[in-house]
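Single-structure report; data block below.
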Amino acid sequence: MMRTNFTLLTTAAGRKMTKNGLDQLLVRRITNSLPCAQHVMVDYFEGKEEPRTDADWLNAKDYKEIPGPSNFELIRGYFPGGALYKTTIKEMEVHFRKKYGDIIRFNGTVGKTDILFTFNPSDFETVFRNETIWPVRVGFQSLAYYRLEKRPHIFHGIDGLLTSQGRAWGYMRNKVNPVMMKVQNIRPNLPAVDGIAQEFIERLDAILDPHTGRLSTDFSEEAKMWAFETVALVALNTRLGLMSREKSNAMALKLSESIAEFFSLCYYYEVIPPFWRYFETAGFKKLIKAYDSITEITTHYIEKAMEQFDQSAEGKSVLEKLYRIDKNVAVVMAMDMLMAGMDTTSSALISTLYFLSINPEKQEELRKELIALLPEPNMPLTEENTKNMPYLRGCIKETLRFRPIANGNFRIAGRDLVLSGYRVPKGVGVYMATMTLSNSDAYFERSAEFLPERWIKSAKATCPVSQKHNPFVYLPFGFGPRTCIGKRLAEMELETILVRILRNYRVSWVGEKPLEYINNLILQPAGEMSFKFEKL
Ligand code: HEM
């Protein structure tokens, strides 16, 4: 590893939590696109509760009566020739829902939790409303293993928001929330975030063939570089220079490559049984190498940023604020931001542009709002002029309804719950299939139509479906104390880049096929990015 002076200190909350990997391929396989794994230990929840004796609980049906496939059925289904062989999570959801209904039980093996799939929004509400102060959404086993077991001399028990649970998660989240969840800490980044968006336009101009309107490079790579440059600005207080690839330094490129590698490899090690704990294959070594590289380069950038901190003044940047609260938390949080903030935001950008491209009348409606906002395309975006962008916000929300970043949300039941009329004991994993419901007419009228108006209060008179939905069916950033910590930043980033792109270009989709998606750690646009950009 690269030598660094930076070491993370141990804290009271950084107690080491050894995680048993999930040793059950089938359950992993069926939950494989969740943002989490299911190697859950009920002891993440502290304290004892009295057994429930209320009428709801007593009158509910027995847990064992929840319908679902036997392990044998699962094994048979996933073998070549089986009904589930090579299915996506969406196809798998459809298959089991048709067969078993709106709540389905998948058996765990000895010492492992069962997993329920529910398609009932009142269950979603029950799960979320009964979260404890430390909601459990397990996942990224290989990252937790790396930080806690492989490199304990660097991390000393601090494994970050993405992977930690219980008290350790609560400790970190309490420190980070006041910085990351406050609008007044995120919004001051607007001019710098807008600066990157403007550079992105310069980059598009340079790589665009003015005759065909097509880019000479892959738009999804461009979108990732934009997202990475922007999240690094906040996480590392540093400009990496990725908008001008030729000039950007090798270390910045290496960091973004390592994060892309983490995204492509990590999923596989979530899905397979964790043999990698005992025998490191070449692939797993590659993943560890990516983790090493992310750790080293991030630490290097943070050390450089620290040299610039003005010790006498109040911390201005997000990194500085976090650093003043807790140095170790700042470092691990910066890494988590970089890991969670590239593919998510870039996917949301590509999907929004796609839906606006195939709905040109909505794009024109949006452009009217943007022209009123910025009569000249190069005028700066400010606190003031970005306050009133209801149509743009409606477009982003509508995109995340159609194609959220995750198929569903996941929690370990924090208490004994009654779900769909069944008694569900605390500790069972519950997967809430939000994307299926948010794409269904039963929960969103005219669900197949891209209707940004449905999110706009003032459109109620003209759009009959406006504001008519169950809030638990639409949770693109999750819910409750464990909701996405980057939500405010992601929204600001998306708004800024979309203003800049759509104020500069008319965008259309010239592909013969619709935009494709792959479903690994998250739902990501894939295949050819058939966008055509016409300069306005
Ligand atoms: C459009 C962009 C994004 C979407 C749709 C998204 C969505 C999500 C979702 C659904 C979760 C799980 C929440 C839950 O379980 O309740 C999550 C967690 C998380 N996100 Fe995001 N995210 C986005 C961008 C970002 C960005 C830019 C960052 C970095 C600054 C980030 C950092 C995180 C972290 C650290 C967590 C774990 C939080 C915890 O467990 O305490 N996300 N995100």
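Report the full-extension gain for the segment LYS426 to ALA372: residue separation times 0.36 nm, less the Cα-Cα distance, to one decimal in nm.
Stretched fully, the LYS426-ALA372 segment lengthens by 14.2 nm.
Along the positive direction of the dipole of the stretch 186-283 (beta-carbon charges: Lys, Arg +1; Asp, Glu -1; about the Cα centre), which of ALA206, MET225, PHE279 reaches farthest?
PHE279
Indicate the helices, whole DSSP H runs only, in the chain that combine a mean Kyte-Doolittle hydropathy of -0.5 or more with a Cα extent along their long axis of 24 angstrom or more.
190-207, 219-236, 250-271, 282-308, 487-504
Could you tell me which residue out of SER438, PRO377, LEU84 lies farthest along the dipole of the chain toward its positive end? Charges go on the beta carbon: Lys and Arg +1, Asp and Glu -1, centred on the Cα centre.
Of SER438, PRO377, LEU84, it is LEU84.
If R₀ is 25 angstrom, what is the calculated FRET efficiency for the pair ALA55 and ASP102, using the beta carbon separation as r and rounding to 0.05?
Numbers: r = 23 Å, r/R0 = 0.91.
Calculated value: 0.65.
Binning at 20 Å from 0, report for the chain what percent of all alpha-carbon pair distances ends up in each bin.
21, 55, 23, 1
Evaluate Rg over Rh across the stretch 333-481, taking Cα atoms for both radii and Kirkwood's formula for Rh.
Value, to two decimals: 1.04.
Return the Rg/Rh ratio of the stretch 143-208 with Cα-based radii and a Kirkwood Rh.
1.23
If you place +1 on the Cβ of every Lys and Arg and -1 on the Cβ of every Asp and Glu, how big does the dipole about the Cα centre of the chain come out, in debye to the nearest 20?
Using only the charged Cβ atoms, the result is roughly 940 debye.
Expected output is a single nm value to one decimal: the length gained when fully extending between ASP218 and MET306, i.e. 0.36 nm times separation in residues minus the C-alpha distance. What is it?
Numbers: separation 88, 0.36 × 88 = 31.68 nm, distance 3.50 nm.
Between ASP218 and MET306, full extension yields an extra 28.2 nm.
State, as an integer percentage, the relative contact order of the stretch 473-536 based on alpha-carbon contacts under 8 Å between residues 6 or more apart.
Working: 48 pairs, mean separation 18.4, N = 64.
Reported relative contact order: 29 percent.
Helix-derived [θ] at 222 nm for the chain: sum -39500 (n - 2.57) over DSSP H runs of at least 4, divide by residue count, nearest 500? It would help to have the intermediate numbers written out before the result.
Working: 21 runs with 245 residues, N = 536.
Helices in the chain give a 222 nm mean residue ellipticity of -14000 deg cm²/dmol.
Using a 1.4 Å probe on the protein heavy atoms, what percent of the accessible area of the chain belongs to carbon and sulfur?
Reported share for carbon and sulfur atoms: 54 percent.
So what's Rg/Rh here for the stretch 409-536, counting alpha carbon atoms and using the Kirkwood radius for Rh?
Computed over Cα atoms, the ratio is 1.03.
Order LYS426, LYS368 by their accessible area, 1.4 angstrom probe, all chains in place, largest first.
LYS368, LYS426
Ignoring ligands, DNA and RNA, what accessible area per residue does the chain give at 1.4 Å, in Å²? All intermediate terms of the calculation are to be shown ahead of the outcome.
Details: 22270 Å² over 536 residues.
I get 42 Å² per residue for the chain.
For the stretch 96-221, what Kirkwood radius comes out of the mean inverse Cα-Cα distance, in Å?
The Cα-based Kirkwood calculation yields 20.0 Å.
Work out, step by step, the length gained on full extension between LYS327 and LYS513: first 0.36 nm times the residue separation, then minus their alpha carbon distance; give nm to one decimal.
Answer, rounded to one decimal: 62.1 nm.
The values are calculated or read from the model by the stated rules, or taken from the named source; none is laboratory data. The structure presented is a predicted model; accordingly, all values stated were derived computationally and were not measured. All Cβ positions, even for glycine, are placed from backbone atoms using ideal geometry, and neighbour counts span all protein chains on display. What goes into the accessible areas is simple: the full protein's heavy atoms, side chains included, and nothing from ligands, DNA or RNA. Shrake-Rupley method; radii C 1.70, N 1.55, O 1.52, S 1.80 Å.
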